[in-house]
Structures are given as structure tokens and as C-alpha cells.
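FYI, it's all coordinate maths here, none of it is from the lab. Since the model is a prediction, treat every value here as computed from it, not as a measurement. Quick reminder, even Gly has a Cβ in these numbers, built from the backbone with ideal geometry, and neighbours come from all protein chains shown.
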Amino acid sequence: MDNNSDITDKPAEVMEHKESPNAEENHPEGEQAKQPESISEGAATTSEQTNTPQEETEQPASKEPEEEDEAKLQEKLQTLKGDRIGETMYSERFVLSTILKLSKQGNRLLEEDEEFEQDLCNLWDMTIEPDVVRFLLEQEVIELFLALAAESEDFRLIEILFGIIGNMCCVEEMHDLFYRQSALLVTFCDFLSISDAPVLVQLMRTLTTLFDRSDDERFHWFGVMKRVDNLTEKLALILATSTNRALLEHTAETVNAMINRFTEAEVDYAQLNEFYRLFAKSCLLEGLFEAFKQLYPLTGRETEGTSAGFDEETLTLKDIKTMRRFLEIHEHFIVNANELYEAYVSEVDQCVHRVLCSFVKESVLFPVTKNHICIFVSISNIYSGIMYHFRAESFIYMVKIYDQLAEALKNPPPQEEPSSAAENNGTAMDEEDAADDGGEFDVETACAEVREAIFFLVGPIDEQIIRAAIQMGQLKESTFEQMCRELRETMDGEPLLYQTCAKLMNAVRSTGADESDIPMQQSNNEEQ
């Protein structure tokens, strides 16, 4: 089993522990097994195996009554069902014997007992079934798991136990347990100080699942999480020091899930202020910036506003989702705790710049998805919150991105392009990402968000600075004419709308940068 495998992506490879007569055996680890049969299907199989010999052999002269046959069949079915967990084909005996052996594990390492490790992995696989999760909760396994993890030095054992807990968080009864017995969740979060990356990956996935899937009306998690010692500092340390890609990605997911849960789902403004006092700390910002640079480093110097310093060939759809998470975190903090960023304007601008540099590449920009839209919304809100800061290269990238989107509106790409674009981005999106992504979105929405981001970026900036950037990027006058025309339609009523549009048009017309649109104006580069 891969240490970095997703909580809910593990194959169901425990068929040897089912009671079905047709169960396959010895599935190799990592190979996709058949989905569990339902009880009715198991009954049909049993019925067929019972009746077939009767059809192929000569019947005795004295045949039993039909009622007696039916009673025997039902008795056999009840016997078969007796060891099954709920509506699954999984065995209660296997689960109970595994838990019993686990309780007697002591200080032994899993590597000393490969068969038992496989049993635990099979149990992990089984917890994708809600009925199995409920059966485990009846056995009060969470207390056992946390007690074993606290005493164990076997990181592989702890990883599997936390992976099982993470799967169990897909069921609301697990949320209810953590909420009623909140000390269990606090104890679970104490493991944030552990040093093993695979263990921390499972811990982060558990927290993300818990916060993302909770009922807003029933569970208010901030009251529990604020009891965790040094929660912000522990998350910041992981982000700042880890070099494990999966851990950094999932820690960002967890921080984002916490922010969404505590600032949007729990609409209690007193708690909102308390949350930002707890969470909006410099150490967390510094950890986020360091993690982002670790995931998406600069590989060389930029030259003349190009992206020569970046390697985008390996950028995947999952990377786009991760970029979105980082920007959404900064967006929340800038909107609600703006003063925190006074000393970090250049750092957050570097993150935005790195994303824009990626998106200017056509294979990354298209097909437009929910993640793209959310990234542009975050950039717009970041620029509206951090004023009087202007990076010429970022402005050039945004205008070029807008130009590509506007062109795509005029000439939509063929239907088969999304799959080819996904291949160009490195790997196809997995099921979890596909479900979160939401499919292809309207290019017009992305175009509108980029226009708005440009508007907020250039609003407080001097015309001379904008003119220099336009000349550096050799941007076209026709692009700004279309952009300002659309801004006047979509942002009508904005106080600085006409002033900002006039500034943009004056800047582009005075540069003579677009030779194809305005020839013979190369000499009119003086300031007006």
C-alpha cells in the first residue's frame, strides 16, 4: 500500500475475508477488486448452487413439500448472513479477530508480521463501507486506536490506524462521536507534533474530511479545535519545514477547510473574531509562503516579462487545485485580517505572480474549470485588498490571459480539447479531483473575473507605471479597447470605473507598443 494513497481511493482487496461462495482470493495489493456483493446477490448465488444439482440428477420418489424446501433455504441464507456486516459481504469475525489481535500488538512492529499488516490494510479498505464503519463504532475502536498510537513507535501502524479513522469520517456517526467526546479529537490533533510524513498525511486528510463534510447546523468545531495546544504553530511548522509534496498539499487543504468551516459555515461573528486572533499569525503566513515555494519554485530568472524561469511541463490539474487552495487562504486573511499582510505584500504578490505565470500557458489555462474560476476570484480579491502594489510582469500576464480568454469566446475550442489539455498538463485528474472540480465552466465567467482583477490592480497605480508595463509586454491597444468596453458594461456604478478606463487607454495610446493597430506612432512615446 502506498503511504501517500488517498483516504477513499484504496481498492477493496479483502475478498478472501468474505463469506460469499464466489469470493475471489489473493488479490495482489493495489489491484482493483470487485465491488462487494449485496446480500440478495449472495442469496441468488446460493440458490443457484442449491438447485442446479437437483435439476441435473434424478429426483427421489418421495419429494419434500415446497414449504419445507423454502424453510431450509431460508435457514441456509440466515446462516450465510449471520457473519456479514450490515448489507455488505464483509465478515464480522474477521473484523473482530483483527481488532483483538491489534489490542495485543504491544511493542511489536508490523514489519515483523506481514500477514497482520495485510489484515489491517484490508480493514482499512473495508471502511469505505458505511456499515463497516458503524460496526467499528459499536466496538469503540477509536479509543483503542488512539491509545495504541500514543504508545507506539511504529509509524506504519499509526499511519494505517489514522487512515482507517479518516475513512470513518465519511460517516456522520463518526462526526457525532468526535463532537460528543471532543477529548478524542483533541487527542487526535496532538499527533500534529509527530515527525513522520505519511502519518501526518493521513491526519490531515482526516481533519479535512471532518470539516468539509460536517452538518453546519449540528457541529460547531471551532469550540473544540481552539482547545488544541498551539494548533496554528504546529500547522505552520509543518508547512515551513516539510519537503514531502503530499504532506504540503494536504496541509494546505486542511488549513483551507478550517478557514471555510470556521468563517463561512459557522456564522458567529464573535467566534469569527476569535478565530482570526487564534489563526491569523505571522508564523502561519511564513509557513504558507515557504510551502508554496517548495511546491512551485522559481527555476531561473525571468527575462523581459517572459516565463522562461518556470517549468510548466509537469504542472498537473491537481497542482492547479493546490494553487487555488493557497490563494484562497490568503484571500480570506487579506479580507478579514488585512493588517497582517503589511509586512508580507511582496511575498503574497510572488505567489500570485507564480500562478499567473503558469496560466499564461495555453495548455494550463484551457479547459477552464471551477479551479480556474476560483483562482481568478481570489486574485481579484487579493488585489482589491492589497493596494498600491504593482508588478509589471504580473500585469502583463493578466492581460495576456484575458486576451486568450477573449479569443476563446470568439473561437470556441473543439469538444475533444479538454482531454488533450489534461494530458498536456501531466496526468489525468483522479476521481476525487474530478468530483471537486465541477467540470468545464463558461469561459466568459473567467474572462469577467480576470477583467475585474486587472481593474483592481491598476486602479491606484500611476499612468506612467502602467505605460511602461504595456510597452514592456508589447500589449495591443485593441485588447484594452475591448477590455474597457466590457468593464463599463459589467462594473457600471463603480466609483473609479471611468477614471481607471481612461488611464488605461491613455497609457496604451501613448506607448505606440501595438505597431499592427497604430502604425507610425512609434515616435509618440513622450508622456502626455
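Worth pointing out:
- Each peptide in 215-221, 201-207, 87-93 receives the mean, over its residues, of other Cβ atoms within 10 Å, and ordering these scores from highest gives 201-207, 87-93, 215-221.
- Using a cut-off of 24 Å between Cα atoms, the listed pairs LYS318/LYS361; LYS321/LYS503; LYS318/LYS410; LYS293/LYS318; LYS370/LYS400; LYS410/LYS476 include LYS321/LYS503; LYS318/LYS410 as exceeding that distance.
- Model label zone, LEU496; criterion: amide N under 17 Å from point 7 Å along Cα-to-beta-carbon; scope region 361-396: 379-392, 395
- Alpha-carbon centroid distance for the pair region 496-510 / region 114-189, whole angstrom: 60 Å
- Long-range Cα-Cα pairs in region 111-248 (distance over 22 Å), rounded percent: 37 percent
- Distance between modelled label sites at GLU463 and GLN482, nm, 7 Å Cα→Cβ extension: 2.5 nm
- Amide H partners (placed H, <5 Å) of THR127, local residues excluded: none
- Charge dipole of region 84-215 (Cα centre as origin; +1 on each Lys and Arg Cβ, -1 on each Asp and Glu Cβ, all else neutral): 200 debye, rounded to the nearest 20.
- Packing-based ranking of 254-261, 224-231, 465-472 yields 254-261, 465-472, 224-231, ordered from highest to lowest mean Cβ neighbour count within 10 Å.
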